[in-house]
Structures are given as structure tokens and as C-alpha cells.
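The values are calculated or read from the model by the stated rules, or taken from the named source; none is laboratory data. Model, not experiment: these values are computed from the prediction. Neighbour counts run over all protein chains shown; Cβ positions are idealised from the backbone, glycine included. Keep in mind that these areas ignore ligands, DNA and RNA; they rest on the heavy atoms of the full protein, side chains included. Shrake-Rupley method; radii C 1.70, N 1.55, O 1.52, S 1.80 Å.
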Amino acid sequence: MKKKGEKVKAAVFYGQRDLRVEEMELPVLREGEILVRVRACGICGTDVHIFNGAEGSAKVTPPVILGHEFCGEVVETKSLLFRVGNKVSIDPNIYCGVCKFCRSGKVQLCENLLALGVNLNGGFAEYAVVPEKQAILFEDISFEEAALAEPLACCLHGIEKLELKATDKVLIIGLGPIGLTMLEILKLHGVDKIYGYEIEEFRKEVARAQGIKDIIDANDDSKFDIVIECAGTKESIEMAFEKLEKGGQLLVFSVPSPRTEVFIKPFEMFRKEARVYWSFVNPFTQRLAVELLESKKINLKHLITHRISLGELFQALSGKYERQLKVIVQP
Ligand SMILES: [Zn+2]
Ligand SMILES: [Zn+2]
């Protein structure tokens, strides 16, 4: 643990494609906050979007430290709930509790949403200040696995929207880290007719190794009771609508560019009596995500393909590695 006055490192985001690893003062805590020595922080598609100039779940206000999928060890505390040495997974989304959405239980739609790693300093740093409410204790998993609790929590919230039966025939479009996380959740629900659509060979291999039933190709004309779209392009979203069976349910889970427009045939959706859902962040699901990882009911270790330092973050946000799924920053 560094001492007061000593410098600590953080990757500070200053604006589009401007990220600098800097030395700064160890942050000072206020009442109800803990200081976390960050041990692992996953890179999310959202970090890449923000790095390239798009918005995050909340409006980004540089300079800010990005990274919202993180965990670490408590090294200092001004909270009665945590002790030095506790291992904590961080839920980055902070809700006001006062607005009409918070008051009606839809906290994720909070009008005053703050998010660590989006508009407040997050986990691409050696140390992070975290309000006690945002920290979830864990014990039996590695730090890099605990960093996957946040994206898992988002996926759990998405799946909760669906009326899911073990006998449903499901298609996951896009088998990146999110699509593959969806696969694990579906397996936990006892679903065995799980199909995928993916272009990248490496991702197909991983999905097969994890027990996906089959990978379909683009001109396959089968229909699915449930389609989970995790790719975020115009083509993938249009395909998702098109693949729906009568009475089917579609979960559009990806985060497309704000400029994306898609073409759908409402008459077709009417005939199918389709139900379509979108899903935003991780309300009330991160505790469950941590428990599922700790109990080994869900295993996501195979998603971690790269481990990098803060100094390598710029490069990681700028492009893609070979055979990449989840990249974990170890600050
Ligand atoms: Zn994320
Ligand atoms: Zn609110």
C-alpha cells in the first residue's frame, strides 16, 4: 500500500483517442468511501466506444479514468461495512434514489445516473475510490474472474426480461464475451437447444468447446423461440428480427452505434406476435453474479484471453489482438 503523498498510476482519458498514463496523488476518502487497490479491470466494448468518441451509459466528462468492470482489495476505509483486506467486486452504476424512475424501482433508468469508469473515476488505475454501496464482498474466486461479475450482471438483467423455458430453441447472434456469457446463463437454465451465429473462427471454436449445439450460417432459414442479439450491427439486428419464430422473443442486448438504423417489417412482427426487449446495465443483479461465480454455477474463465498493464491499454483500446475475447487490465 502506498502512503499519503506518494504517487500512484492511472490511465486518464482526456478525449477522443487521448489516453495518458499519469502519476497522481493517492486519492483522499470521504465518509462512506473505501479505497480499492484495483487488481483486475476488464475492457468493455463501451470503453472502446468512449475511447473513440462515443457516449457511455452516462455522459462522459473528461478528464476521467475509464474502466467499469473492476475489483480489488480494500486498502483503506471510511466505511463501517468494510475492513482493510476485504476483496470487493464493484458495481459501477450509482443511482440517485430520488427521481421518478428510482422511486418506481427502475433504478437503471435513473435521471441522474453516475457510473464509476464512465463519468466518475473508475478502474483503469492502481487505486480507485468507491462508495461503500457499490462494493460487493467476494472470497472464493480470482480477481480476474471477479472482474467479469459486472458484464455477467448485465447479461443476467437481460435474460430476466425473457420468459425462458428449458425447451426453447435459442439463437445467440455474436459469440464475443457477451454472447458467450449468455451461453453460460442459458446452460444454467437447462436450455440445450442453443445455436449461435458468428463470423470469427476462434469464437466459433470457443462456443463449440463450451457446448453450443451448432453454429448456423447466414442463409440458414430456421426460426428460433428466442433470439439474443449481441453483435450490434445493422445486419445482426435485422437478422435477429428475421430469425424469430412465431410467438418468439427477441432480446437486443448489443450496444449499436447511435447512428445505426435498421429496417424491419412490422407486419411480419405482427403476424408472429413477437416480443422485443432491450436491456440497460445491471440493476440488482451483481450480487447474484458474484454468487454464481463463487458457487461455480457459472464459469467464465475461458473468456479471458489477454492480460495487460496500464501501459498497454492505449494499444488494446485502439485495436484487437489475435484470438481475443476478454482483455483484463492488471494495473
Ligand atoms: Zn461494460
Ligand atoms: Zn434516480
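Please compare each pair in Lys100/Lys246; Lys187/Lys223; Lys161/Lys234; Lys59/Lys106 to a cut-off of 25 Å on the Cα-Cα distance and tell me which ones are over it.
Lys100/Lys246, as the Cα separations exceed 25 Å there.
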How much length would be gained if the chain were fully extended between Arg323 and Glu31, taking 0.36 nm per residue of separation minus their Cα-Cα distance, in nm to one decimal?
100.7 nm
The chain - Rg (one decimal) and Dmax (whole number), Cα, Å
20.0, 66
Over the Cα atoms of segment 111-187, compute the convex hull volume and normalise it per residue, giving Å³.
159 Å³
Fraction of accessible area attributable to carbon and sulfur, the chain (%, probe 1.4 Å):
51 percent
If you build the Cα gyration tensor of segment 1-90 and take the root of 5 times each eigenvalue, what three semi-axes come out, in whole angstrom, biggest first?
26, 16, 12
Amide H contacts under 5 Å for Val276, restricted to residues at least 5 apart in sequence or on another chain and with H modeled in the peptide plane, are Leu250
Output for segment 278-331 (equivalent-ellipsoid semi-axes, sqrt of 5λ from the C-alpha gyration tensor, Å, descending) is 26, 15, 12
Can you give the helix-only mean residue ellipticity at 222 nm for the chain, where every DSSP H stretch with n ≥ 4 adds -39500 (n - 2.57) and the sum goes over all residues, rounded to the nearest 500 deg cm²/dmol?
-6500 deg cm²/dmol
To the nearest 10 degrees, the tilt of helix 177-188 (Cα long axis) against the first principal axis of the alpha carbons of the chain is 70 degrees
Suppose every K and R has +1 on its Cβ and every D and E has -1 on its Cβ; what is the size of the dipole of the chain about the Cα centre, in Debye to the nearest 20?
500 debye
Return a whole-number percent for the relative contact order of the chain, with Cα pairs under 8 Å and 6 or more residues apart as the contact set.
18 percent
Candidates per GluC sites (Glu not before Pro) in segment 252-298, loop by DSSP, up to 12 other Cβ within 10 Å
Glu261, Glu273
Just grab the label-to-label distance for Glu235 and Ser309, each label 7 Å out from Cα along the Cβ direction, in nm (one decimal).
3.9 nm
Among the aspartates and glutamates, select those whose C-alpha is under 14 Å from the C-alpha of Lys213, and discard any that sit fewer than 8 residues away in the same chain.
Asp168, Glu184, Asp192, Glu198, Glu205
Taking segment 155-278 and dividing mean pair separation by its residue count, relative contact order in percent (alpha carbons under 8 Å, at least six apart):
25 percent
1.4 Å probe accessible area per residue over the chain, in Å²
47 Å²
What is the percent of Cα-Cα separations in segment 220-291 that go past 15 Å?
58 percent
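What is the local net charge at Val84, summed over the other residues whose Cβ is closer than 11 Å to its Cβ (Lys, Arg +1; Asp, Glu -1)?
Result for the local shell: 0.
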Take the alpha carbon atoms of segment 155-278, find their radius of gyration, then divide it by 2.2 N^0.38 Å using N residues; give the quotient.
0.97
